[in-house]
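Novice: Before we start, here is the structure in question, set down as structure tokens.
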Amino acid sequence: MTSVNSLLRRPQRQFDVRARSLFGRRLLMRVHVTMETNEVGLFIWSRCDGRKSVEDIVDALISTYDVDRATALGHVTDLLDAFSAAQFIDWVES
């Protein structure tokens, strides 16, 4: 599994991954891979635009969900690692 080594890296969604809500479930789907997530996961996913850094996403999570930095950083990096392992994102270096 790829680790998020730097807060300056910028995640970029793969063009063929789709986010859907289906019967109350939040899903990210790509040809033969589906990942179930939650509201926070979709919040993070929506910011994987290749322009926002990991740090930007952490800051947005803190301001929107009122969590401390360590908790936000853990959630963001864990989820970005999962997105990367599923090949749902690429990394754009600063």
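The values are calculated or read from the model by the stated rules, or taken from the named source; none is laboratory data. Keep in mind that this is a model prediction, so the values were computed, not measured. Cβ: placed from backbone, ideal geometry, glycine included. Neighbour counts: every protein chain shown. The protein model used for the area step is the full one, side chains on, heavy atoms only, and it has no ligands, DNA or RNA in it. Shrake-Rupley method; radii C 1.70, N 1.55, O 1.52, S 1.80 Å.
Novice: Regarding residue 23, is this residue free of Cβ contacts under 8 Å to residues at least 24 places away in the same chain and either loosely packed, with under 12 Cβ neighbours inside 10 Å or in contact with a strand residue (DSSP E or B) (Cβ under 9 Å, 6 or more places away or on another chain) (or both)?
Specialist: Values: free of Cβ contacts under 8 Å to residues at least 24 places away in the same chain: yes; either loosely packed, with under 12 Cβ neighbours inside 10 Å or in contact with a strand residue (DSSP E or B) (Cβ under 9 Å, 6 or more places away or on another chain) (or both): yes.
For residue 23, the condition - free of Cβ contacts under 8 Å to residues at least 24 places away in the same chain and either loosely packed, with under 12 Cβ neighbours inside 10 Å or in contact with a strand residue (DSSP E or B) (Cβ under 9 Å, 6 or more places away or on another chain) (or both) - is met.
Novice: For residues that are within 9 Å of the chain's Cα centre (by Cα) and open to solvent by 20 Å² or more (accessible area, probe 1.4 Å), scanning just the range 41-55, find the one that is nearest to residue 23 (Cα to Cα).
Specialist: Top of the filtered list is 42.
Novice: Of the conditions (1) surrounded by 15 or more Cβ atoms within 10 Å (Cβ to Cβ); (2) touching an Asp or Glu at 6+ places or on another chain (Cβ under 8 Å); (3) without any contact (Cβ under 8 Å) to a residue 24 or more places away in the chain, residue 67 clears all except one; give me its number.
Specialist: Unmet condition: (2).
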